[in-house]
Amino acid sequence: MATTITNVTELQAMRGNLTEDYILGNNIDASASATWNPTADRGEWQASTAYNVHDYVLVSTFSPARTYICHTAHTSGLSFSSTNWWLSYGTVPAYLGFEPIAQWSPDVFTGSLDGNSYTITDLYSDRPYYSAGLFVWCEEATISNLTLTDASIRGKDGVGLVYWCLTAAATTIENCHVTGTITSLFSNSLAAGLVGWVENAVIDDCSVDVTITAADDAGGLAYWVEQGTISNSEAKATITAGDNAAGFVSCMEQGEIDQCEAESNITATDDAAGFAHYIGGGGEVSVSHCSSKSTISAKGAAGFIYTSSGEVLIHKCYAIGSVSGSTNVAGFASSLWELTINDCYARVNVHGVAADYLAGFCGVAWWGTITNSYSEGLVSGTATKIGGFCAEIDDSPPAEPVVITDCFWDTETSGQATSDGGTGKTTAEMIAAATFFDASWDIGGTTTDRNDGYPFLSWEIDEDVTVWLIYGTGLRSFTIPDVLDHRGRAIKNARVQAFRVDTHEFVEEETTDEYGSATFDELPNDVDVVFYVTWGGNSHVLEV
């Protein structure tokens, strides 16, 4: 039987048994943790002075001078030894607050915590000498049905729920939610809203709504996932990072992300992306049915993914927002390396300042494929290479072939007439079904005007008859190729009739122009049609 937790003191006491199963019995007000574990400023360290736990001193004999927090009380007359002290990576607070569960390796939490759909409010933990979060080390644990609201987490590394999910059997985190502030202090550290370093985990139906201030790298939901699956989860994050950042996950080496979304406002010293900074490197990775809504200012910036390697597939995903930077700046992917992108779009305003690459969808492509995708949004600023869809396909060694097939960009909204890959279309053409039917996209009509007339993915409105939908009457347009006589001459004013293949019902009639062409605007989306052309008293089936 699980042990019931009813208050923050009992929550803290979980540190005493790391293999137990726990369940919350009610909502928990954790505000008292803000005055737990007070510290005391003892000034300059003196060998002749005795110190208590959580006293802190300045050791100016070091270069540079450093602040240390006492973790083991000791008597006077001892030389300075780190066995009694923690090095502080930031300003020491008046109170250290909640001490994370399983904080010190080799202590590892292997039990379970069922939040029972209750909420822990105002949890405070400030650990300038170590990692901070509700848990630090977990392995084969289960954490479920739990909400942390208005948490205040600061540490050498900072995360909302779990700092490190160890390997072996996966830790399971499901239906867990975090709101509050997360801060990391060390220059070689991490910060994330839910989990930090994941060696093996299953994360499902989780969310964060956090403000992250990171001395180094940050991810909205997760920092680094070596192996695992993340599904049905959401990250809303305002991130300020001293290095790289991503709205959802900073790195995913191996596994799957499905049906997840990120909404972020990111300012980063180095590179940043709306969804993921780096994907791949450890095995196959699939990212599907995911979205990013972001505003980014960084050195390099991308609306969805910054870079990748290995066997990476991104399909049925989209990015919207605005990104700006000074190196590689793109609406969806800054660079294409061992990456396959299918059925994705970017509606992102992209701005570069003396950048290397600047483009509406992909900055520079070295190795991979992009199929059935488009970009729309202003591409402005200065760069060495600029493109409406892709700035440059770089086939210099060790690059592998790059294939961009049936992809488009809006020449009017982007302000770009050229691209290294993709086909430019006017705005009118980009919101016309015929553009995408002619390219053999799996697209249907809809009466839902979701995307300002531009195509969108059917999963966005929980439909799956076709991959894509475009606003309209549910009808499609089609222009038949030239109708020629036996001498190869265009036939003008020939009558062309369209009939449904399934019922043979008449659909539409048009007349060929001087070039022998005819455009139909009322063909059904979901049924094949056959064309009959009549001239000179004869009728023929037109093969198209």
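Here, each number is a calculation from the coordinates, and none is a lab measurement. In this text, all values refer to a predicted model and were calculated from it rather than measured experimentally. Heads up, the Cβs are rebuilt from the backbone with ideal geometry, glycines too, and the neighbour counts pull from every protein chain shown.
Beta-bridge orientation, the chain: approximately 15 percent antiparallel, per DSSP, counting only bridges with both partners inside. The modelled label-to-label distance for the pair Asp21/Asn52, using points 7 Å beyond Cα in the direction of Cβ, is 4.2 nm.
Computed about its Cα centre, the charge dipole of the chain is approximately 1680 debye, with only Lys, Arg, Asp and Glu carrying charge at their Cβ. Summary of the geometry: region 214-254 and region 72-103, compared by the centres of their Cα atoms, lie 29 Å apart. Taking Lys and Arg as +1 and Asp and Glu as -1, the other residues whose beta-carbon sits under 10 Å from that of Asp356 total 0.
Only one residue of Phe436, Trp468, Asn451 has its Cα farthest out toward the positive end of the dipole of region 431-472, where Lys and Arg carry +1 and Asp and Glu -1 on Cβ, and that residue is Phe436. Based on alpha-carbon centroids, what's the gap between region 362-388 and region 462-507 in Å, whole number please? Here the two parts' Cα centres lie 32 Å apart.
If each DSSP helix of 4+ residues adds -39,500 (n - 2.57) and the sum is divided by the residues in the chain, what number results at 222 nm, nearest 500 deg cm²/dmol? One gets -500 deg cm²/dmol as the mean residue ellipticity at 222 nm. Farthest toward the positive end of the dipole of the chain, out of Ile153, Leu78, Gly363, is the Cα of Leu78, where the dipole comes from beta carbon charges about the Cα centre.
Each DSSP beta bridge with both residues in region 285-391 is either parallel or antiparallel, and the antiparallel ones are about 0%. Listing Ser324, Ser396 from fewest to most neighbouring C-beta atoms within 10 Å gives Ser396, Ser324. The listed peptides 341-351, 38-48, 381-391, 511-521, ordered by packing as a protection proxy, come out as 341-351, 381-391, 511-521, 38-48 (highest mean of other Cβ atoms within 10 Å first). Between Phe80 and Glu505, the modelled labels are 8.8 nm apart [label points 7 Å from Cα along Cα→Cβ]. Mind jotting down the distance between the C-alpha centroids of region 27-52 and region 397-450, whole Å? Each part reduced to its Cα centre gives a spacing of 61 Å. The residues packed around Gly247, meaning those with a beta-carbon under 14 Å from its beta-carbon, carry a net charge of -4 if Lys and Arg are +1 and Asp and Glu are -1. Between rounded, prolate and oblate, where does region 388-504 land on the alpha carbon gyration tensor, with a ≥ b ≥ c its root eigenvalues, rounded for a/c under 1.5, else prolate if a/b exceeds b/c? Oblate, since a/c reaches 1.5 and b/c is not below a/b.
At 37 °C and 0.692 mPa s, what whole-number value in µm²/s does Stokes-Einstein give for the translational diffusion of region 440-486, with Rh from the Kirkwood sum over Cα pairs? Value of D from the Cα-based Kirkwood radius: 276 µm²/s. Protection proxy ranking for 448-456, 531-539, 332-340, 111-119, using the average of other Cβ atoms within 10 Å per residue and placing the highest first: 332-340, 111-119, 448-456, 531-539. For region 431-472, a simple Cβ point-charge model (Lys and Arg +1, Asp and Glu -1, everything else neutral) yields a dipole of about 120 debye relative to the Cα centre. Within a straight-line Cα-Cα reach of under 28 Å, Lys293 can be paired with the following lysines, leaving aside sequence neighbours fewer than 8 residues apart in one chain: Lys236, Lys316, Lys385, Lys425. Just check region 121-188 against the gyration tensor rule for me: Cα atoms, a ≥ b ≥ c as the square roots of the eigenvalues, rounded for a/c under 1.5, and otherwise prolate or oblate depending on whether a/b exceeds b/c. In terms of gyration-tensor shape, oblate.
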